[in-house]
1. Determine, yes or no, whether A160 is within 16 Å of the ligand (Cβ to nearest atom) and either buried (at least 22 other Cβ atoms within 10 Å of the Cβ) or assigned to a strand (DSSP E or B) (or both).
2. Within the stretch 124-140, track down each residue that is in contact with a strand residue (DSSP E or B) (Cβ under 6 Å, 6 or more places away or on another chain) and farther than 13 Å from I334 by Cβ.
3. Quick check: anything in the stretch 221-228 buried (at least 20 other Cβ atoms within 10 Å of the Cβ), within 16 Å of the ligand (Cβ to nearest atom), farther than 19 Å from S377 by Cβ and at pLDDT 95 or above?
4. Identify, by number, the condition in (1) in contact with a Leu (Cβ under 9 Å, 6 or more places away or on another chain); (2) under 11 Å from N360 (Cα atoms); (3) small (G, A, S) that A120 doesn't meet.
5. Among the residues of the stretch 106-152, which ones are closer than 20 Å to H349 by Cβ and in a loop (DSSP other than H, G, I, E, B)?
Amino acid sequence: MSTQLRVAIIGYRFMGKAHSNAWLQARRFFDVESQPVLKVACGREKEPLRAFAERWGWEQIETDWRKIVVRDDIDIVDISLPQHLHCEVAKAAAEAGKHIFCEKPMALTVADAQQMLEAAQQAGIKHYLNHNYRRCPAVRLARRLIDEGKIGRIFHWRGAYQQDWIVDPDFPLTWHLLKETAGSGPHGDLNSHSVDLAHYLVGDIATVACLTARFVQKRPLAHKGAGTFAAGESATSNEFGEVTVEDASLMNVEFTNGAVGSFEATRFASGRKNRNTFEIYGSNGGLAFDLERMNELQYYSRVEPDYVQGFRTIMVTEPSHSYISNWWPPGHIIGYEHSFVHAVVDFIHAIDKDLPIEPNFSDGLKCIKVLEAGLQSAASGKRVDVMV
Ligand code: SOE
């Protein structure tokens, strides 16, 4: 018998759209038992919120998130908010017994992330942290090849997450560029994805040595409510404000299994729009992934005869690849939004079958510990042990 899972979404911008689309598409393409119902959308500004709810089919709107998290007719709280708001909302939702689907990065600090995890564990709810790239079929294939021993002992991880949306010094001072709302710059926003992928594919990180840089110190103030990529039209008067996060972060790490790795996160890589890449090198082979070519995985095998060795490009669109058989025939590629649909499908499945889902708040906390150690290292100029 099909049951309903009634969803309340808090936040209606970039991630609000990506999540709404995922809630809508999940059951159209995948066999999940429960039917997600888009019950209520929440945000501070009534008019844009109403337009969002109408476009995406949310039944109701509400401007006070506190009212939403305690409603009896809500099963899931979807936190599509900037990270400085995650902790308070997640704790209240967990205390009210709601399952939580939360955007990354988990929180501003280890202390906040810890509180979120404790609240979720005490309440016994399902908690999912949306590092969506784990659910790209090519990333799933990378994990499968590693699990099958095809890469062997891993020596190297190399992650680089590069964007270029703030190279222009006139790009406005939006919330991503302020410590109070974002916690850090690309180190938290982008490296959180890369660290999560490294945890998933290589293992835990023991020590970090990091350096950060800020290239632009002041920017024109942004219009109230300006979104992430709201360039141009958002830059207001001649008033300027201080950028309080880093613009780039470079981090070297030691994994607990002896592998070593590097992470580069920047919003100043001209020409790189959303280039999330990793390379993994091991005793039996190598792997390389680039989100801008997300349907492909590069694989090199040392086990083959040397006269045919070389990196090959696997088109990850076969029915045997994760999630693909529910979409299109081979070669009919998928995109960014599909990773969100996969996350929602797995989350519903976890609730229906009472199964664990990853990444969850425990994985998120582990990630925040690495990131926080990175910032401490950048401030002190010293290598830092990651808190266990
Ligand atoms: C902005 O830098 C951003 O939207 C991130 O916040 C996302 O997590 C990333 O996937 C794309 O870039």
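1. yes
2. Listed by number, the residues that qualify are I125, K126, H127, Y128, L129, N130.
3. No, that holds for no residue.
4. Of (1) in contact with a Leu (Cβ under 9 Å, 6 or more places away or on another chain); (2) under 11 Å from N360 (Cα atoms); (3) small (G, A, S), only one is false for A120: (1).
5. Of everything in the stretch 106-152, those that are closer than 20 Å to H349 by Cβ and in a loop (DSSP other than H, G, I, E, B) turn out to be G124, I125, K126, H131, C136.
Matching residues to (1) within 16 Å of the ligand (Cβ to nearest atom); (2) among the charged types (D, E, K, R); (3) open to solvent by 10 Å² or more (accessible area, probe 1.4 Å):
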position: F101; (1), (2), (3): yes, no, no
position: Q115; (1), (2), (3): no, no, yes
position: N132; (1), (2), (3): yes, no, no
position: V139; (1), (2), (3): yes, no, no
position: E148; (1), (2), (3): no, yes, yes
position: I151; (1), (2), (3): no, no, no
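The values are calculated or read from the model by the stated rules, or taken from the named source; none is laboratory data. Please read these numbers as outputs of a predicted model, since none were measured by experiment. Cβ: placed from backbone, ideal geometry, glycine included. Neighbour counts: every protein chain shown. Note: areas computed on protein heavy atoms with side chains; ligands, DNA, RNA excluded. Shrake-Rupley method; radii C 1.70, N 1.55, O 1.52, S 1.80 Å.
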